[in-house]
Every structure is written in C-alpha cells, then in structure tokens.
Amino acid sequence: MVHPKILEVIEYDVCTACGACASVCPAGAIIINKRAEVRDPDNLELYIKGAAPNVCERCFTCGRVCPVIDGYYSDEFFNVKSFFGAKSTIAGQDGGVTSHMLKELLRKGEIDCVVGISRNENWETELILMTKPEDVDKTTGTKYTYDSVLQALKEPFEKYDKIAVVGVPCQVHGARLISENVNDKIVLIVGLICMESFYHDTMAEKIIPDIMKLNIEDVVKMNFAKGKFWCYTKDGQEHSVKIPEVAPHARHPCHHCCDYTSVFADISLGSVGTPDGWNCVLIRTDTGQKYFDMVKDTLEIMENPAPGLDLVKKLAKTKHDNNSGHYLEVCEKFSFDECGIR
C-alpha cells in the first residue's frame, strides 16, 4: 500500500501535532498525543499515537488538512483588513479580548461551542469544549505548553453546527483547511500570535527549574516580551531570561513554521504592537469583521496603538528568516510537491 503523505510529515519530524488529520480521518487511522510518530501498523494496541497505514482507506483526507503539506505564505499580512488595539475588563494574558469575545458570542448564541485548552497549576494542558460563557474562564491566559486542539473536534462535529476554534498558527491553519475541504461547521477561527511553543516535559523539567530556577507550581503567568521570556510567580515577583536561552528548546516542528500571526484566521490576537494591558487585533476576513462587530461595543478600542503593526511585521520577518530555510529543506525530501512557501 502507498503510505499517505501524512506519514512522511511524521517521519521527518515536522508534524505540528495540530490534530487536524485525527479529527477528520474516517477510518480512525490517526491519533495524536502531543507528539506524532509512526507505530507498528500490524499492532493496533500500540495506537496511542501515530498513524496506521494498514488501516488507511486511501481517501487521503489527512493530506488535505495538513498545514505542513499545504505550506505557507511569504507575506502573511496580505489579508489584514484592519489593525487596532483592544482590551476588556476580563483578567487575561493581556487585554483579555479573546476570552471576552468568546463569552459574548456564546452568551448571544452566535456560536454553539469553542474548542480550546485549559491548564492546571503544573502547566499541564487539557483539551476543553466550551459551551457556556462561564466555561471560558477555565481557559484564560496564554499556555506555552502545547496540546493538539483540533483532535477535539471529532465530537463537536457530531453535535454542533456553529463551532469556533481558538489556536496558534498551525492549529488555525489546520482548522481553515478542515473548513474548506471537509466540514463547514467551523464558523469562526481565532488565531493567536505565536513564535514557538514547548512540550510540557521540556517546560517543567528543563526551562522552569534549570533555566529560570523556579518551581513550576509557583508560576502563575508566562510571557514573551521585550526580548525576554518572563515568569510571574505567586509572590508577585517577575523573573526573566533572554529569549535565546529558551528558544532552542521549542518543539522541533516550531523551527519549521513560517506563520507568526495566524494568517489563516478570521481574527488574529496577541499582545505585540500595543501597550501593556492591551491586545492587538488583526481582522483578516469578512467573517472576522462580522463576529467582532457583535462584541466591539463591549470593548475599549485603541485605533492607532504604538508601537503598531510595524513591530508585528518585524517579528514575523524574524520568524520567517529563522525558519523558512529549515522548512524548504524538508520539502525537498518529501515525495510530493504541494508544500512550499507561496
């Protein structure tokens, strides 16, 4: 049997573990659990994670929803309709806009559910399905440890018609491909600005204790800002190291990612280019504009935030410059030629 393209993505260790393929595979041949790897195709008991080529029905749906196969844009700002700052009264990572927006849309019945992640005090993530406004409170704040958000779509696809997805660029990319190729129940995609993410064991066993010299249970917030990685602890103290001290420990697929601002989202959100305590907002689609208009009157808006979009573009260029060569090198190894930077 010809192996599906997704196996090559796994074999070359560039699978983002976004979970898109696992959520749409009709044969249940793919399961993601933080990291993807190929398991023995003749022993289904081993399928905690990985892909099962002997179970594959050769529909190759997985290849149509894989962000690595689909590739990246060289200009990830081509679809930005507007850029501004916003903040809410919700205590979030910065302006709390993501949480506020989702709570309002759930309250108004404009969306049925939201797929996202929560975390415990050890910064271990858990996939969560939010169907009520109060559910959103469990997911506030940025988590720099990764989880395969899109694999949680399998059940919502069966139960709900208006699904929202919140995720980092690879997850947003996968969600967009699902909505365009497989399932139109995803009505809103909210993207987060992201330079890289980390496996939980790396964060808990290396970065926090060895580099930051902290106990992870004491950390209440993490952030990347002003060239540093910051940890805020229960005692009110701030701790930081320069980003180059932690960046090499990011997940391997992150070093091949060429999307900083979630170009495939309807709305992208972050804290770059705006003052402290504010979120930057990039409206990218008519759908994004429609849903943001439903909640904007309940937010404080800053039309011309400083330092502005130029800083976002500068950081996006840095990510592209660092990662594009790695990604294109892997593309040359694939047996297929869809991938690349366009």
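The values are calculated or read from the model by the stated rules, or taken from the named source; none is laboratory data. Computed from a predicted structure; not experimentally measured. Using ideal geometry, Cβ is built from the backbone for each residue, glycine included, and neighbour counts are taken over all protein chains shown. With ligands, DNA and RNA removed, areas are computed over all heavy atoms of the protein, side chains included. Shrake-Rupley method; radii C 1.70, N 1.55, O 1.52, S 1.80 Å.
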Need one number: % antiparallel among DSSP beta bridges in the stretch 126-249, to the nearest 5. 65
Around TYR72, which amide H atoms from residues at least 5 apart in sequence, or from another chain, sit under 5 Å from its own amide H, with H modelled in the peptide plane? GLY340, ILE341, ARG342
Per the 1/(1 + (r/R0)^6) rule, R0 = 45 Å and r from the Cβ atoms of TYR73 and GLU158, FRET efficiency to 0.05 is 0.90
The chain, Gaussian network, Cα under 10 Å: of TYR199, TYR72, TYR160, the residue fluctuating most is TYR160
Solvent exposure of the chain as accessible area per residue, Å², 1.4 Å probe: 44
Given the peptides 248-255, 334-341, 142-149, 25-32, arrange them by the average over their residues of other C-beta atoms within 10 Å, most packed first. 142-149, 25-32, 248-255, 334-341
Return the label of the correct value of Cα extents along the principal axes in Å, as calculated from the structure shown, out of [x] 56, 46, 36; [y] 62, 45, 43; [z] 78, 63, 33. [x]
Karplus ³J(HN,Hα) for the stretch 76-81 (6.51 cos²θ - 1.76 cosθ + 1.60, θ = phi - 60°; Hz, whole; x = Gly/Pro) runs 8, 10, 5, 9, 6, 8
Under a 5 Å amide H to amide H cut-off, with H placed in plane at 1.01 Å, what residues pair with GLY116 once short-range neighbours are removed? ILE128, MET130
Would you grab the residues whose amide H sits under 5 Å from the one on LEU192? Only those 5+ places off in sequence or on another chain, please, with H modelled 1.01 Å from N. GLY167, VAL168, LEU269
Beta bridge orientation in the chain: antiparallel %, DSSP, nearest 5: 70
Explain nothing, just compute: Karplus ³J(HN,Hα) = 6.51 cos²θ - 1.76 cosθ + 1.60, θ = phi - 60°, for every residue of the stretch 283-293 in order, whole Hz, x for Gly and Pro. 7, 10, 9, 4, 4, x, 4, 4, 6, 5, 4
Using each residue's phi in the stretch 154-160, evaluate 6.51 cos²θ - 1.76 cosθ + 1.60 at θ = phi - 60° and report the 3J(HN,Hα) Karplus result to the nearest Hz, with x for Gly and Pro. 3, 5, x, 4, 7, 10, 10
Compute, for the chain, the length of the dipole vector about the Cα centre, with Cβ point charges of +1 (Lys, Arg) and -1 (Asp, Glu) only. Units Debye, rounded to 20. 480
For the chain, what's the relative contact order in percent, using C-alpha pairs closer than 8 Å and at least 6 residues apart? 21
Protection proxy (average C-beta count within 10 Å per residue), highest first, orders 94-107, 215-228 as 94-107, 215-228
Determine which lysines satisfy two conditions relative to LYS132: a Cα distance under 28 Å, and not lying fewer than 8 residues away in the same chain. LYS34, LYS87, LYS103, LYS108, LYS143, LYS154, LYS159, LYS162, LYS185, LYS221, LYS290, LYS296
Leaving out ligands, DNA and RNA, and with a 1.4 Å probe, what % of the accessible surface on the chain is carbon or sulfur? 46
